[in-house]
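The structure appears below as structure tokens.
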Protein chains: 2
Amino acid sequence: MPLENISCNKSAGGWHKQYTHRSEALNCDMRFAIYLPPQCAAGKKVPVIYWLSGLTCTDENFMQKAGAQRMAAELGVAIVAPDTSPRGEGVADDPQGAYDFGLGAGFYVNATEAPYNRHYHMYNYIVNELPTLIEAHFPVTDQRAISGHSMGGHGALMIALRNPERYSSASAFSPIVNPMNCAWGQKAFTGYLGTNTQNWKQYDASELMRIAEIKLPMLVDQGTHDNFYNDGQLRTETLVAAAEANSYPLEVRMQDGYDHSYYFMASFIDDHLRFHVENFNK
Amino acid sequence: MPLENISCNKSAGGWHKQYTHRSEALNCDMRFAIYLPPQCAAGKKVPVIYWLSGLTCTDENFMQKAGAQRMAAELGVAIVAPDTSPRGEGVADDPQGAYDFGLGAGFYVNATEAPYNRHYHMYNYIVNELPTLIEAHFPVTDQRAISGHSMGGHGALMIALRNPERYSSASAFSPIVNPMNCAWGQKAFTGYLGTNTQNWKQYDASELMRIAEIKLPMLVDQGTHDNFYNDGQLRTETLVAAAEANSYPLEVRMQDGYDHSYYFMASFIDDHLRFHVENFNK
């Protein structure tokens with residue numbers, strides 16, 4: 001799997017780089033960004049935090065707006081930010097071009113419904129293909145954590161719950177934690193997975209947490225002034241109830257006055273990076 | 001001068017807000033952003049750092065991408081980010097719509113040439129109108145510093161050199177320090193000020209530094225892998241020579257491997273905020 005480097009910026013003593021590559025899982029060309037901390041230049045292998053972004057984002061939003069590089073450099077951890085859906089000519093989009101389905105809105109599932117099943121296999125891409133690529137081409141260990149925002153927070157929690165042996169910890173900002181029971185999730189799951197809701201449960205963090213056997217440290221930050229939280233799209237309380245029912249080690253921090261934006265994430269990203277690095281070191 | 005608040009995000013314990021207002025200096029409606037640190041909520045008045053952005057930017061780029069809020073909150077300093085030119089219907093743009101003149105490219109001068117002299121008085125706006133507005137409407141002191149990037153670094157250094165009694169310190173990332181002798185500056189100054197280069201000197205930091213009598217602490221960061229530096233647009237060495245000739249307290253840090261991007265600024269913005277706050281406290 002060859003990689004093409006398309007940009008490189010020195011950042012906090014390390015390097016932000018973008019690459020394109022052919023994805024077998026997604027059946028198209030994909031772009032991702034990686035932040036390599038200064039420790040890599042000294043020949044050290046570092047662990048990796050995978051960051052999954054939200055609706056409408058690409059690999060760029062988090063790297064440009066979250067301000068994570070300074071702390072990643074201090075802690076010696078790499079960050080990988082993939083795109084949020086397959087891309088390119090021939091990749092089916094929302095029929096009306098809506099922002100919440102299709103391009104920029106892959107929801108980290110493996111689609112089974114035509115025409116989306118031709119490309120929309122973001123679950124396989126994030127869980128298997130991308131880490132294999134990263135670990136083959138960059139100075140990283142096989143220690144992994146996963147985090148994300150909103151739709152990407154859903155992806156991070158859901159993927160960690162299904163693959164606890166592959167990650168040391170998981171975290172999220174403003175995650176969609178019960179997509180089966182919110183408008184965004186119902187639209188996406190119907191389009192990608194069909195109308196049989198039994199097939200949705202494998203992608204619903206609240207459903208998965210209630211039955212999880214292997215448990216990971218998990219941290220969620222949720223702003224109280226987040227309009228999507230207040231509109232019922234995020235359903236944080238459902239995840240809290242699932243954690244309580246199954247004694248899951250979930251820490252949810254309700255952050256007073258914060259909204260759904262990158263200003264919120266930039267305010268607390270240092271805590272998330274420290275949380276993941278503490279768990280790498282356990 | 002009424003202000004209209006158009007956005008508000010909690011950020012690092014403080015608040016990022018955008019406002020619109022009618023500008024007399026610019027003869028149009030303008031938008032700016034302000035970051036108010038948590039100390040303001042406790043009733044404290046804080047000093048202000050004015051941030052001038054570069055070509056093509058608005059008030060948003062710095063606030064979204066520089067990661068300055070965390071340290072501004074820690075230090076207890078406000079940051080004000082104005083737009084980079086007058087805006088709106090009837091504001092003349094570059095005849096070819098180029099990025100380096102007209103809209104998004106006011107160069108912080110008072111234009112004398114038609115049609116630009118109708119609106120392009122960014123110098124008056126930044127030096128007088130905007131601070132008067134900020135100090136009337138927000139919990140801030142009259143302690144001011146000024147900083148900026150590229151075209152905005154030119155603006156920050158030039159304005160501080162001409163108004164040393166109004167600022168405690170000045171700094172810049174990748175500034176255009178000798179616009180009279182680079183392609184960007186020559187195009188802008190010809191268009192805004194006409195062809196008599198005697199009228200350009202009052203807006204050229206290197207010219208001003210050679211004759212400055214009141215001297216301010218001044219910090220410049222310049223990346224060695226900055227393509228605009230290497231293409232001769234920035235001319236850092238001209239400012240260094242002027243400082244040496246006039247014993248001006250200028251610190252220039254050549255930052256190895258860094259480019260012209262926000263990744264560079266985010267890497268060193270904390271140093272600039274600390275520099276300004278140290279000088280407020282002297």
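Read the figures in this text as sums done on the coordinates, not as results from a lab. Everything quoted here is computed from the prediction, not taken from an experiment. All Cβ positions, even for glycine, are placed from backbone atoms using ideal geometry, and neighbour counts span all protein chains on display.
Taking B:Leu273 as meeting all but one of (1) more than 17 Å from B:Ile146 (Cα to Cα); (2) within 14 Å of chain A (Cβ to nearest Cβ); (3) assigned to a helix (DSSP H, G or I), write down the number of the exception.
Unmet for B:Leu273, out of (1) more than 17 Å from B:Ile146 (Cα to Cα); (2) within 14 Å of chain A (Cβ to nearest Cβ); (3) assigned to a helix (DSSP H, G or I): (1).
Let's see how each residue does on (1) touching a strand residue (DSSP E or B) at 6+ places or on another chain (Cβ under 8 Å); (2) within 20 Å of A:His121 (Cβ to Cβ):
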residue: A:Ile6; (1), (2): yes, no
residue: A:Tyr19; (1), (2): yes, yes
residue: A:Glu24; (1), (2): no, yes
residue: A:Trp51; (1), (2): yes, yes
residue: A:Lys65; (1), (2): no, no
residue: A:Leu75; (1), (2): no, no
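Can you tell me how many residues in region B:257-267 are crowded, with 19+ Cβ neighbours inside 10 Å and either touching a residue at least 24 places away in the same chain (Cβ under 8 Å) or more than 10 Å from chain A (Cβ to nearest Cβ) (or both)? Walk me through how you get there before you give the answer.
Our first condition is that a residue be crowded, with 19+ Cβ neighbours inside 10 Å; within region B:257-267, this holds for B:258-267.
Retained after the next criterion (residues that are either touching a residue at least 24 places away in the same chain (Cβ under 8 Å) or more than 10 Å from chain A (Cβ to nearest Cβ) (or both)): B:258-260, B:262, B:264-266.
Within region B:257-267, residues that are crowded, with 19+ Cβ neighbours inside 10 Å and either touching a residue at least 24 places away in the same chain (Cβ under 8 Å) or more than 10 Å from chain A (Cβ to nearest Cβ) (or both) number 7.
What are the residues in region B:228-256 that are facing chain A (nearest Cβ under 9 Å) and either among the basic types (Lys, Arg) or surrounded by 14 or more Cβ atoms within 10 Å (Cβ to Cβ) (or both), if any?
So in region B:228-256, the residues facing chain A (nearest Cβ under 9 Å) come out as B:255-256.
B:Gln255 - this is the single residue of region B:228-256 that is facing chain A (nearest Cβ under 9 Å) and either among the basic types (Lys, Arg) or surrounded by 14 or more Cβ atoms within 10 Å (Cβ to Cβ) (or both).
Just one of (1) in a strand (DSSP E or B); (2) over 25 Å from B:Asp59 (Cα atoms) trips up B:Ser206, so point out which.
Of everything listed in (1) in a strand (DSSP E or B); (2) over 25 Å from B:Asp59 (Cα atoms), B:Ser206 misses just condition (1).
Those residues that are aliphatic (A, V, I, L, M) and within 14 Å of B:Ala105 (Cβ to Cβ), I need them from region B:147-163; list them, please.
Residues of region B:147-163 that are aliphatic (A, V, I, L, M), as a first pass: B:151, B:156-161.
Within region B:147-163, B:Met151 is the sole residue that qualifies.
Against the condition in contact with a strand residue (DSSP E or B) (Cβ under 9 Å, 6 or more places away or on another chain) and more than 14 Å from chain A (Cβ to nearest Cβ), how does B:Leu208 come out, does it pass? Before you say what the answer is, go through the steps one by one.
Working: in contact with a strand residue (DSSP E or B) (Cβ under 9 Å, 6 or more places away or on another chain): no; more than 14 Å from chain A (Cβ to nearest Cβ): yes.
No; evaluated as a whole, the condition is false for this residue.
In region B:210-242, what residues are part of a loop (DSSP other than H, G, I, E, B) and either without any contact (Cβ under 8 Å) to a residue 24 or more places away in the chain or of a type in the set (Lys, Arg) (or both)? Break it down stepwise before answering.
Filtering region B:210-242 for residues part of a loop (DSSP other than H, G, I, E, B) gives B:212-217, B:224-226, B:231-235.
Scanning region B:210-242 gives B:Glu213, B:Lys215, B:Asp231, B:Arg235.
Output the residue which, of all residues in region B:1-32 that are among the aliphatic types (A, V, I, L, M) and more than 23 Å from B:Arg118 (Cβ to Cβ), is nearest to the other protein chains (Cβ to nearest Cβ). Walk me through how you get there before you give the answer.
If we filter region B:1-32 for residues that are among the aliphatic types (A, V, I, L, M), which is where we start, we get B:1, B:3, B:6, B:12, B:25-26, B:30.
Among the residues that remain, those that are also more than 23 Å from B:Arg118 (Cβ to Cβ) are: B:3, B:6, B:12.
Values: B:Leu3: 20, B:Ile6: 14, B:Ala12: 5 Å.
Across region B:1-32, the extreme among qualifying residues is B:Ala12.
Could you run through region A:38-69 and say how many residues are within 12 Å of chain B (Cβ to nearest Cβ) and under 20 Å from the mean Cα position of the chain (by Cα)? If you could, list the steps in order and put the result at the bottom.
Of region A:38-69, the ones within 12 Å of chain B (Cβ to nearest Cβ) are A:38, A:41, A:60-69.
Then drop every residue that is not under 20 Å from the mean Cα position of the chain (by Cα), which leaves A:60-69.
The total comes to 10.
I need the full set of residues from region B:8-45 which are touching a helix residue (DSSP H, G or I) at 6+ places or on another chain (Cβ under 6 Å) and not in a strand (DSSP E or B), in order please.
Within region B:8-45, B:Ala12, B:Gly13, B:Ala25, B:Leu26, B:Pro37, B:Pro38 qualify.
For region A:70-109, name all the residues that are charged (D, E, K, R), more than 21 Å from A:Tyr167 (Cα to Cα) and either part of a loop (DSSP other than H, G, I, E, B) or away from chain B (no Cβ under 14 Å) (or both).
A:Arg87, A:Glu89, A:Asp93, A:Asp94, A:Asp100
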